[in-house]
C-alpha cells in the first residue's frame, strides 16, 4: 500500500508543478488553488509512505515520478523540446525509479 501511495504522491508532484507554472506567479486563482491542494496531498502521501519505505528510496522515487511526468507534460504541451538526448535521459530516469523499487 505504501508504494501505491508513493506513486500517487509522485503523480501529484507533477500536477502541482504544472499548476505552479500555470498560476503565473500566483496571479491566477484556479491554478494557485490546485497547486496548494495537490502539493499538500503530495507531501502528506510522501510522509505516509516514508513510514514503510526508507527515506532515500521514497524521496528518490517521488522526485523521479514527478520529474518524469512533468517533463512528459512539457513535451505534450510543447513547453519542452523533444530531443533524442532528453528521451534517453528520461528513460534512464524511469529505469532508475523502477530499479529502486526492485531492489527495495
Quick check on my filter: what residues within the stretch 2-20 are more than 12 Å from the chain's Cα centre (by Cα), surrounded by fewer than 17 Cβ atoms within 10 Å (Cβ to Cβ) and in contact (Cβ under 8 Å) with a residue 12 or more places away in the chain?
2, 3
Can you name the number of the only condition in (1) modelled with pLDDT of 95 or more; (2) surrounded by fewer than 16 Cβ atoms within 10 Å (Cβ to Cβ); (3) more than 19 Å from residue 18 (Cβ to Cβ) that residue 91 fails?
(1)
Looking at (1) within 12 Å of the chain's Cα centre (by Cα); (2) modelled with pLDDT of 95 or more, find the lone condition where residue 52 falls short.
(1)
Out of all the residues in the stretch 22-31, is one or more within 21 Å of residue 4 (Cβ to Cβ) and touching a helix residue (DSSP H, G or I) at 6+ places or on another chain (Cβ under 8 Å)?
no
Going through the stretch 82-104 one residue at a time, which ones are touching a residue at least 12 places away in the same chain (Cβ under 8 Å) and either under 17 Å from residue 4 (Cα atoms) or touching a strand residue (DSSP E or B) at 6+ places or on another chain (Cβ under 8 Å) (or both)?
94, 97, 100, 101, 104
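The values are calculated or read from the model by the stated rules, or taken from the named source; none is laboratory data. Please read all numbers here as calculations on a predicted model, not as lab measurements. Every residue, glycine among them, receives a Cβ derived from its backbone with ideal geometry; neighbour counts consider all protein chains shown.
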